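The values are calculated or read from the model by the stated rules, or taken from the named source; none is laboratory data. Keep in mind that what you see is a predicted model, and the values were worked out from it rather than measured. Positions of Cβ are backbone-derived with ideal geometry, glycine not excepted, and every protein chain shown enters the neighbour counts. For accessibility, only protein heavy atoms count, side chains too; no ligands or nucleic acids. Shrake-Rupley method; radii C 1.70, N 1.55, O 1.52, S 1.80 Å.
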Amino acid sequence: DQTSGSTVCLVYSDDPTNPAAWYWGDVVIPQAIAPHIIKHDGTWYIFYGDRAHGGPPYPIAVASSPNVNGPYTYVGPVLQAGAPGTWEDYRVDEPCVFQRSSDGKWILLYMADSGGNVEQVGYATADNFLGPYTKFAGNPCIPFGPPGSFDAGTVADPWVYEYDDVYYIGYTVSPTTSSPWQTALATTSDWLTFTKHGMILPRGSEYNSFRGAVIKIGDEYVFSYTGGPSAGQYRLCIATQPVFTSPPIFINDGNAVFNFFDGFDETSINLTKWTFASGTASQTVITSGLLT
């Protein structure tokens with residue numbers, strides 16, 4: 001909530017895919033922005049951009065509570081801004097924390113800049129949940145796109161969803177450093193190379209469609225994001241997508257599905273598919289889908 005200062009707040013729902021069923025909780029961390037909440041070993045943690053302990057440069061800090069609704073206690077910083085003159089010397093911010101399934105390491109995905117909202121995305125790794133975190137040597141892992149592209153001026157607010165050994169990273173984009181902002185997608189499998197795929201949540205009739213994250217709830221993917229009718233009017237929003245969908249066309253043809261297929265549904269052997277190493281076609285019989 002940045003209507004008066006910057007505070008981290010909670011909203012809640014027992015029916016999260018219903019936009020009318022979300023309710024205001026309360027302020028849980030003052031002088032803080034860009035939260036990511038996660039439960040680990042029975043304790044709730046909120047990673048956030050710290051504005052209460054000096055700066056710039058501003059670090060990413062964490063607070064914890066045994067209860068999801070708090071009160072939350074300041075634990076300390078987990079990631080510092082970069083050295084003077086680097087791309088991240090003004091702040092590190094907008095964290096997203098998860099445990100990588102391939103090796104068990106903790107990944108802290110974040111946005112950083114050198115002042116003036118010149119934002120790009122990097123990440124850091126740790127063996128333990130609370131660090132110490134080591135920044136990836138190749139940061140920013142998701143840099144600006146070429147001039148004139150959808151992400152030429154803003155690369156920010158990263159979140160990640162893992163599926164089938166592929167990590168889907170959503171991030172905020174703009175061809176400039178200013179709004180309107182939208183959401184694009186990049187993927188990685190090795191956390192060394194990152195492939196951009198373009199927009200996944202265009203703003204449509206909204207002025208913005210950015211920030212937030214995707215989570216699977218039941219049989220729906222729910223994307224909480226920031227929208228609004230005009231510049232500066234930010235609203236909490238959700239977008240949904242079914243986890244399972246039916247293909248638009250059912251293909252009941254083995255030849256169209258498999259690289260090699262023979263259902264033996266003809267009257268004689270198909271010599272475009274089979275070559276005799278020994279014997280002749282006259283020695284074959286096809287009956288009821290079987291070749292003898």
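Taking segment 217-233 as the region of interest, how many residues are open to solvent by less than 80 Å² (accessible area, probe 1.4 Å) and of a type in the set (D, E, K, R)?
Final tally of qualifying residues: 1.
Would you be able to say whether some residue in segment 246-257 is open to solvent by 100 Å² or more (accessible area, probe 1.4 Å), in contact with a helix residue (DSSP H, G or I) (Cβ under 7 Å, 6 or more places away or on another chain) and of a type in the set (Val, Ile, Thr)?
There is at least one residue in segment 246-257 that is open to solvent by 100 Å² or more (accessible area, probe 1.4 Å), in contact with a helix residue (DSSP H, G or I) (Cβ under 7 Å, 6 or more places away or on another chain) and of a type in the set (Val, Ile, Thr).
With the requirement that a residue be over 16 Å from Val121 (Cα atoms), open to solvent by less than 40 Å² (accessible area, probe 1.4 Å) and in contact (Cβ under 8 Å) with a residue 40 or more places away in the chain, what does segment 192-216 give you?
Val214
Is there a residue in segment 61-83 that is in contact with an Asp or Glu (Cβ under 6 Å, 6 or more places away or on another chain), part of a strand (DSSP E or B) and not polar (S, T, N, Q)?
Checked against the condition, which is being in contact with an Asp or Glu (Cβ under 6 Å, 6 or more places away or on another chain), part of a strand (DSSP E or B) and not polar (S, T, N, Q), segment 61-83 yields at least one hit.
Give me the pairs, please: first residue somewhere in segment 133-162 and free of Cβ contacts under 8 Å to residues at least 60 places away in the same chain, second residue anywhere and assigned to a loop (DSSP other than H, G, I, E, B) and of a type in the set (A, V, I, L, M), beta-carbon distance under 8 Å, and either six or more positions apart or on two chains.
Gly138/Leu192; Phe144/Ala152; Gly145/Ala152; Pro146/Ala152
Residues in segment 181-191 that are under 15 Å from Gly227 (Cβ atoms) and either without any contact (Cβ under 8 Å) to a residue 40 or more places away in the chain or open to solvent by 40 Å² or more (accessible area, probe 1.4 Å) (or both): how many?
Result for segment 181-191: 2.
For the condition within 30 Å of Val173 (Cβ to Cβ) and open to solvent by 100 Å² or more (accessible area, probe 1.4 Å), what is the one hit in Leu236, Leu271, Leu290?
Leu236
Name every residue in segment 22-41 that is surrounded by fewer than 12 Cβ atoms within 10 Å (Cβ to Cβ) and under 24 Å from the mean Cα position of the chain (by Cα), in order of residue number.
Passing the criteria: Lys39, Asp41.
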